[in-house]
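**Q** Sharing a structure below in structure tokens format, with a few things to ask.
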Amino acid sequence: MASLTVDSKDPIELPVHAASVGPDVIDVSELTNQGYFTYDPGFVSTASCNSNITYIDGDEGILLHCGYPIEQLAERSDFLELCYLLLNGELPSATEKDDFVGEIRRHSKVDDQLRNFFTGFRRDAHPMAMMCGVVGALAAFYHNSLDITDASHRRDTAHRLIAKMPILAAMSRRHALGLPFIDPRDDLGYAGNFLHMMFAPADGDYEVNPVLARAFDRIFLLHADHEQNASTSTVRLAGSTGANPYACIAAGIAALWGPAHGGANEAVLNMLAEIGTPENIGKFVKRAKDPDDPFRIMGFGHRVYKNYDPRARVMQQTCREVLDELGVENDPTLQMAQQLERIALEDEYFVDRRLYPNVDFYSGIILRAIGIPEDMFTVIFTTGRTPGWIAHWCEMVAVPYKIGRPRQLYTGASRRDFVPIEKR
Ligand code: SDX
């Protein structure tokens with residue numbers, strides 16, 4: 001139990017719930033009955049829910065999915081296997097994996113009428129705007145499986161979203177280019193199909209590079225889930241109203257779009273382009289440290305990690321593999337990013353605040369090297385994060401839950417009477 005004493009009043013006893021790993025939590029729900037709210041802008045010290053899916057130790061730079069370290073999953077697993085783990089809590093047997101992959105393949109079709117949604121977008125529409133629209137619209141196509149209390153409906157929805165997200169993502173790009181949409185092929189894996197749908201010419205004749213496909217699968221895997229980040233919390237909050245899962249995932253996509261969150265990968269490359277040359281790095285690092293300058297080193301810092309983001313290490317290694325495979329030596333953007341990282345990691349401002357590269361710092365360099373346009377970077381993140389979003393949604397709605405409804409510290413006017421306009 002925790003005991004809270006306010007001024008000289010009697011102490012308020014608050015239960016403490018034990019975590020299996022990491023910090024225990026103090027249950028403050030009783031406080032409202034004692035006339036208090038807790039105050040925690042940005043939820044820095046607030047556990048919003050109980051979850052078994054992902055654990056992060058920000059001080060040690062540890063990321064576990066159902067107990068498995070991200071480094072081992074990145075090296076020895078694959079994206080669809082991780083999707084299964086996030087949804088079911090255990091790694092699949094060979095048979096379970098084959099069945100799951102087959103189930104995802106079964107859902108890998110997009111209704112012709114949904115394809116028509118893209119024709120309504122301008123060619124220069126940002127693909128994230130298209131994704132917000134078409135993913136939310138999926139609810140209009142699956143009326144017969146929207147009973148969120150039915151586990152089979154929840155399962156089908158999860159498989160449907162994982163299957164369709166890369167197809168919709170590639171469609172948003174092909175719409176921008178005025179190219180016909182291409183369907184996934186049964187002879188290609190998840191990431192290989194995405195690359196094929198993205199880059200194949202109209203006649204469909206495109207050879208997927210297996211090294212790039214493996215790298216892309218790892219990029220999806222590294223983005224799959226990350227505890228109660230802003231977009232996942234958005235999915236949970238929307239889900240707590242009983243909203244349908246497609247609307248909740250569309251809300252998560254909208255939240256991810258922000259440059260402080262999933263939009264950072266696109267912002268990193270824009271930042272490196274703005275810095276322009278290695279000689280300018282010092283000037284921009286100086287700006288990043290100036291409290292009066294809004295400029296921040298994009299891809300650096302994290303609400304939870306006060307150590308190296310373990311995903312960033314794997315991403316950096318993947319970056320080298322991709323550039324080697326593409327025969328790109330001395331990529332100036334990678335060299336600039338590595339120099340920026342070195343300078344920042346030695347600067348006391350960043351050291352004192354424990355600011356390190358995060359998952360977004362290197363991902364954009366890989367994506368651009370593969371030929372993904374910058375406005376598609378967050379769409380890639382969306383595709384990778386879909387299993388995490390829907391796993392958290394399923395975890396929440398599978399058991400009794402309360403609608404999310406935070407309170408506030410009110411500092412506005414106290415009660416006063418209305419003043420007629422002639423007396424103002
Ligand atoms: C993702 O939550 C997740 O898990 C997210 C994510 C996921 O997988 O879902 O990991 C994905 O969103 C990664 C983060 C991508 N965003 C960026 O790279 C944008 C740049 N980073 C910053 O905007 C910032 O670091 C945040 C938003 C990521 C975290 O902000 P916090 O936790 O609110 O930290 P803060 O702003 O309170 O920073 C603490 C101090 C401040 O200085 P002081 O006021 O103490 O003097 O560090 C400074 C900040 O000014 N700071 C930075 C900085 N990040 C923080 N200074 C310069 N450059 C930066 N990038």
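**Q** Principal axes first, then extents: for the Cα atoms of segment 32-136, list largest minus smallest coordinate on each axis, whole Å, largest first.
**A** Principal-axis extents of segment 32-136 (Cα, largest first): 55, 41, 28 Å.
**Q** For the chain, what does the relative contact order come out to in percent, with C-alpha contacts under 8 Å and a separation of six or more?
**A** 21 percent
**Q** Further question on the same structure: Scan around Leu4 for amide H atoms under 5 Å from its own, H built in the peptide plane at 1.01 Å from N, and keep only partners 5 or more places away or cross-chain.
**A** Ile12, Glu13, Leu14
**Q** Probe 1.4 Å, all protein chains in place: accessible area of Ser51 in Å², nearest 10?
**A** Roughly 40 Å² of Ser51 is accessible to a 1.4 Å probe.
**Q** To continue, here is another question. Could you list the chymotrypsin sites (Phe, Trp or Tyr not before Pro) in segment 1-72 that lie in coil according to DSSP, counting only those with at most 15 other Cβ atoms within 10 Å of their Cβ?
**A** Here the chymotrypsin sites (Phe, Trp or Tyr not before Pro) that fit, given the DSSP loop and packing criteria, are Tyr36, Phe37, Tyr39.
**Q** In debye to the nearest 20, how big a dipole does segment 216-312 give about its Cα centre with +1 on each Lys and Arg Cβ and -1 on each Asp and Glu Cβ?
**A** The dipole of segment 216-312 has a size of about 200 debye.
**Q** Using a 1.4 Å probe on the protein chains only, how many percent of the accessible area of the chain belongs to carbon and sulfur? Spell out each step's value before the answer.
**A** Numbers: 10650 of 21020 Å².
The value for the chain is 51 percent carbon and sulfur by accessible area.
**Q** Mind ranking Met1, Met165 by accessible surface for me, highest first, 1.4 Å probe?
**A** Met1, Met165
**Q** So what is the relative contact order of segment 156-265, in percent, for Cα pairs below 8 Å that sit 6 or more residues apart? Provide the component values of the computation, followed by the final result.
**A** Values: 78 pairs, mean separation 17.9, N = 110.
Answer for segment 156-265 is 16 percent.
**Q** Which helices of the chain meet both criteria: a Cα extent of 24 Å or more along the helical axis and a mean Kyte-Doolittle score no lower than 0.5, with helices taken as whole DSSP H segments?
**A** Result, helices passing both filters: 377-397.
**Q** Classify segment 292-391 from the C-alpha gyration tensor, please: rounded if a/c falls under 1.5, else prolate or oblate depending on whether a/b exceeds b/c.
**A** It is oblate, given that a/c is not under 1.5 and a/b is not larger than b/c.
**Q** Still on this structure: So what J values fall out for segment 26-33 if you push phi through Karplus, 6.51 cos²θ - 1.76 cosθ + 1.60 with θ = phi - 60°, rounded to Hz, Gly and Pro as x?
**A** Calculated HN-Hα couplings, in order: 9, 7, 9, 4, 5, 4, 4, 6 Hz.
**Q** To continue, here is another question. Filter the trypsin sites (Lys or Arg not before Pro) in segment 46-133 to those in DSSP coil with at most 15 other Cβ atoms within 10 Å of their Cβ, and list the result.
**A** Lys109, Arg122, Arg123
**Q** Given Pro15, Leu367, Thr119, which one lies farthest toward the positive end of the charge dipole of the chain, if we put +1 on the Cβ of every Lys and Arg and -1 on the Cβ of every Asp and Glu?
**A** Highest projection toward the positive end goes to Thr119.
**Q** Have a look at Ala264, Tyr246, Tyr190 and report the one farthest towards the positive end of the charge dipole of segment 156-309, computed about the Cα centre with Cβ charges (Lys/Arg +1, Asp/Glu -1).
**A** Value computed over the given set: Ala264.
**Q** Students sometimes get this wrong: rank His196, His126 by accessible area, probe 1.4 Å, all chains present, largest first.
**A** His126, His196
**Q** What accessible area per residue comes out for the chain, rounded to a whole number of Å², with a 1.4 Å probe?
**A** For the chain, the solvent-accessible area averages 50 Å² per residue.
**Q** How big is the charge dipole of the chain about its Cα centre, in debye rounded to the nearest 20, if each Lys and Arg gets +1 on its Cβ and each Asp and Glu gets -1 on its Cβ?
**A** The calculation lands at about 1400 debye.
**Q** Chymotrypsin sites (Phe, Trp or Tyr not before Pro) within segment 159-225: which are DSSP loop residues with at most 12 other Cβ atoms inside 10 Å?
**A** Details: sites: Phe181, Tyr190, Phe194, Phe199, Tyr206, Phe216, Phe220; in loops: Phe181, Tyr206.
Loop-located and lightly packed - none at all.
**Q** What is the Cα centroid distance between segment 1-78 and segment 166-216, reported in whole angstrom?
**A** Here the two parts' Cα centres lie 41 Å apart.
The values are calculated or read from the model by the stated rules, or taken from the named source; none is laboratory data. Only a predicted model underlies this, so the values are computations on that prediction, with no experimental measurement involved. Neighbour counts are summed over all protein chains in view; Cβ atoms, including those assigned to glycine, are modelled from backbone coordinates with ideal geometry. Please note that ligands, DNA and RNA were not included when accessible areas were found on the heavy atoms of the full protein model with its side chains. Shrake-Rupley method; radii C 1.70, N 1.55, O 1.52, S 1.80 Å.
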